[in-house]
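Quick note: the coordinates plus some simple rules give every number you see, no bench work behind them. Predicted, not measured: the structure shown is a model, and the values here were computed from it. Glycine also receives a Cβ, built like all others from the backbone with ideal geometry; neighbour counts cover every protein chain displayed.
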Amino acid sequence: MKLIALATALGVAIAPVAHADPIDLTLSGGNPGGLWSLLGAGIDRAAKESDGASVVTYQATGGGFANIALLDRERTDLGLLHDAEAQIALQGGEPFQSPVENMRAIGYMYNWAPMHFFLDRGMAEEYGIESLDDIAGSGAPIRIGINRSGNITSNVALAMLAEVGVTEESLEEMGGQFVRAGANEQADLIQDGRLDMITNGIFINHSSFRAADQNSDVMLLSVPQDVTEATNEMFGTGTMTIPAGSYSNQESDVESVALGAMLVTHSNMPDDTAYSLTKSLIEHIDQVRAVHGSMAQLDTSLLARPSVLEFHPGAARAFEEAGLIQ
């Protein structure tokens with residue numbers, strides 16, 4: 001009060017302290033109860049740590065491709081999507097009719113979901129298959145499980161197999177086939193002898209992989225470096241090592257393509273809103289890490305990691321202030 005009185009007496013105006021408005025955003029994720037729904041809860045908690053009136057409301061969708069379509073039409077404020085899905089959208093690949101150009105990154109959530117290729121050990125030994133590139137010339141009638149259409153891991157798996165000459169036609173010539181099935185279905189199918197090989201891009205020792213490893217006699221195939229490099233060029237993905245001993249019959253490290261997930265907005269989000277959200281994530285990243293044990297590796301340097309998308313200007317400002325980018 002004395003300061004105000006003195007300022008008044010001297011004719012000096014005191015500007016009011018500026019306070020950012022609380023954010024109220026909708027986040028489109030994936031299936032309810034999955035990891036992305038947990039990430040949505042963590043992002044909401046981080047925002048509330050900064051301002052108790054802020055809210056990030058999670059809505060379940062069909063996943064990354066659906067979220068890109070919603071962002072393109074500005075029918076959601078935020079979306080979770082894989083880096084590979086963003087790359088396809090930027091290029092106007094299927095399921096998009098033309099390039100999607102209004103996506104802007106808030107930050108990476110994780111980049112440690114490597115592609116796994118498990119083959120029945122009996123078949124692997126019978127046909128001398130140790131690596132992905134051994135399949136095409138083996139003559140093995142392999143029934144290969146890949147994820148359902150619309151799931152990005154199926155796109156990546158098919159691309160990697162095509163790089164080593166394994167296509168639907170070549171498989172059929174050997175007496176094999178591709179079988180569309182989700183992660184948990186694949187584990188059940190190989191256990192029941194209805195699949196010989198399963199593929200997916202999820203965290204190391206994901207429950208579906210543990211089920212396949214514990215209930216079936218399988219081995220993890222190695223991936224040629226040139227296949228990893230070509231796939232990363234195609235999809236904007238990264239590289240990750242699956243350490244030796246991660247699975248029962250795995251004696252050596254396996255380096256493979258790794259998918260990442262990003263928090264993305266559209267280009268018309270106000271700069272101050274994107275700044276506030278990103279600043280909250282930087283300052284309260286522990287709220288996101290706490291949602292699941294698989295998120296323990298998340299740190300601010302990963303959050304600010306460049307991706308196939310440019311940062312929203314508001315997010316970039318928050319990262320610059322925090323010294324995370326220049």
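Worth a mention:
- Backbone geometry of the range 177-193 corresponds, through the Karplus equation with coefficients 6.51, -1.76 and 1.60 at θ = phi - 60°, to 3J(HN,Hα) couplings of 6, 8, 10, 7, 7, x, 4, 5, 4, 4, 4, 5, 5, 6, 5, 7, x Hz, x marking Gly and Pro.
- Pairwise FRET efficiency - Ala53 versus Ile325, Cβ, R0 = 35 Å, nearest 0.05: 0.75
- Zone of Glu229's modelled label, taken as backbone nitrogen in the range 113-137 under 18 Å from a point 7 Å along Cα→Cβ: 132-133
- Using Cβ point charges alone (K and R +1, D and E -1), the dipole size of the chain about the Cα centre works out to roughly 1440 debye.
- Where GluC sites (Glu not before Pro) fall in DSSP loop in the range 21-107, at most 15 other Cβ within 10 Å: Glu74, Glu101
- Reducing the range 137-157 and the range 305-326 to their Cα centroids gives an inter-centroid distance of 36 Å.
- With helices as the sole contributors, the chain gives -11000 deg cm²/dmol at 222 nm; each DSSP H run of n ≥ 4 counts as -39500 (n - 2.57), and the sum is divided by every residue.
- Annotation: amide H-H contacts under 5 Å for His266 (H modelled 1.01 Å from N, sequence separation of 5 or more, or interchain): Arg104.
- Label sites at Asn215 and Asp253, each approximated as a point 7 angstrom past Cα along Cα to Cβ, lie 3.2 nm apart.
- Coupling constants for the range 145-161 follow from the phi torsions by the Karplus curve (6.51 cos²θ - 1.76 cosθ + 1.60, θ = phi - 60°), and in residue order they are x, 10, 5, 5, 4, x, 8, 4, 5, 5, 4, 5, 4, 5, 5, 5, 5 Hz; glycine and proline get x.
- Stretchable slack from Ala136 to Glu169, in nm (0.36 nm times residue separation minus alpha-carbon distance): 10.8 nm
- Expressed as a fraction of 2.2 N^0.38 Å, the value expected for a compact globular protein of N residues, the C-alpha radius of gyration of the range 113-259 is 0.92.
- Average Cα contact separation per residue, the chain, under 8 Å, 6 or more apart, as relative contact order %: 24 percent
- Here the extension length gained between Glu101 and Ala296 equals 67.0 nm, from 0.36 nm per residue of separation less the Cα-Cα distance.
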